[in-house]
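Notes follow the structure.
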Amino acid sequence: LVGAKGNDSEIDELIARLRDGDVRALARTISLVENGRPGFERVLSQLHRRVGSAHRIGITGPPGVGKSTLVERLVRAYRGRGTTVAVVAVDPTSPFTGGAVLGDRVRMGTSSQDSGVFIRSMATRGAAGGLAITTREVCDVLDAFGFERVVVETVGIGQSELAIGATADTAVLVLVPESGDWVQVLKAGVMEIADLYVVNKSDRPGADQVVADVSDMLTILRENLPAGAAHPASWNPPVIQTVATTGDGVVELIDAVEEHARVMARTGELEERRRRRLITHTRDVVERLLRQRVWAAWNGQQRLAEGLERVAAGETSPYHLAAEIIDAGLGQGAD
Ligand SMILES: Nc1nc2c(ncn2[C@@H]2O[C@H](COP(=O)(O)OP(=O)(O)OP(=O)(O)O)[C@@H](O)[C@H]2O)c(=O)[nH]1
Ligand SMILES: [Mg+2]
């Protein structure tokens, strides 16, 4: 396996410590994975058969809508129910409300000795192999470690952030009374992007209107549902109003998440979704491996440097050179 060179015994020790529930080993493993350091694939490969018991909840939404405040409330509510929970805050952009601060806030709210909570923020720059794939892998580690719920907070509402949210078992989109424009965008795109919609900051005027708009959008979606749509007929995404700062609506939110988890399991949709996630993941790993092989093991970088003069002189095109690089590598075979 790629990356299984040199530090085998170190990796074996790390895996053993993970099995023993060593939280420091967990933090080290996540760093290993996040930075794609040698051996990370071996760890993930070994952990794979223990992946699948955690329910993954994606919390996505525009900047500043209160995602972290909600996550903090969710963590406390889960701990109150005796459920263990890990949080991954992806690319916290705001200096005031970033993931590191989220961690501190949750720790203030729960016991610092509480091993049932684990919080990690992940910067975009750290994800060498692509943010979506790395986030998935960090979730796999937390899942295999034994956390019952894994919550992923992602900022934004663009395709890529939503793609990260879509890798969750339950995708939650958070909006606020000021999000009217977003709802129009969602309506126009006829996008089925979340399993649950939250209108946070419902202490502010305009919340009812956004709730009505989102509900309208969901009705339109339902009426135009293509065959084989993501949601089973048994699940209509609810629109939940919350005030994260006071905790209002958090019980409704957590109940809805848990209900979604049950419906997904019962209808077979959970297994189906996880199967699709495995396909996406394996494809992403293939592409990452290919990139690594082409540029490193297959000396692509060197071939590129050697061929560049011919391209610059107009003797060949970048397209021919690219094909040459790949064909030469394929001819050489895997190492
Ligand atoms: N009035 C009101 N303010 C809220 C509510 N929820 C969060 N806030 C405030 O909104 C601000 C942003 O909250 P965060 O939880 O950091 O929002 P976020 O979506 O995680 O922000 P980013 O991660 O930077 O995108 C903070 O000042 C919160 O106190 C709410 O329900 N009502
Ligand atoms: Mg945040």
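FYI, it's all coordinate maths here, none of it is from the lab. Predicted model only: the values in this text are computed from it and were never measured. All Cβ positions, glycine included, derive from the backbone under ideal geometry; neighbour counts span all protein chains shown.
The table below gives the values:
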| item | result |
| --- | --- |
| Taking Thr135, Thr84, Thr282, Thr60 and counting other C-beta atoms within 10 Å, the order from fewest to most | Thr282, Thr84, Thr135, Thr60 |
| Relative exposure of Arg50, Arg120, Arg149, judged by other C-beta atoms within 10 Å (fewest first) | Arg50, Arg120, Arg149 |
| 3J(HN,Hα) from dihedral phi, the stretch 7-16, Karplus parametrisation 6.51/-1.76/1.60, rounded to Hz, x for glycine, proline | 9, 3, 5, 4, 5, 4, 5, 4, 5, 4 |
| Contour excess over end-to-end distance, with Cα ends at Glu148 and Asp208 and 0.36 nm allotted per residue | 18.2 nm |
| Order of Glu269, Glu148 - criterion: other Cβ atoms within 10 Å of each residue's Cβ, fewest first | Glu148, Glu269 |
| Simple label model, 7 Å out from Cα along Cβ direction - Arg81 to Ala297, nm | 4.4 |
| Residue-wise HN-Hα coupling along the stretch 203-208, computed from phi with Karplus coefficients 6.51, -1.76, 1.60 (Hz; x: Gly, Pro) | 7, 9, x, x, 4, 4 |
| For Met122, residues with placed amide H under 5 Å, excluding near neighbours | Ala89, Val90, Asp91 |
| Added length on full extension, which subtracts the Cα-Cα distance from 0.36 nm per residue, Leu290 to Ala27 | 91.9 nm |
| Whole-Hz couplings from phi, Karplus 6.51/-1.76/1.60, listed for the stretch 37-49; x for Gly and Pro | 6, x, x, 5, 5, 5, 4, 4, 4, 5, 7, 3, 6 |
| Peptide ranges 300-313, 247-260 listed from the most packed, as the mean C-beta count within 10 angstrom indicates | 247-260, 300-313 |
| Point-to-point label distance, Gln113-Val263, nm (Cα→Cβ direction, 7 Å offset) | 4.1 |
| Neighbourhood net charge (13 Å Cβ-Cβ; Lys/Arg +1, Asp/Glu -1) for Gln184 | -3 |
| Packing-based ranking, highest mean first, of 12-21, 314-323 given that Cβ atoms within 10 Å are counted | 12-21, 314-323 |
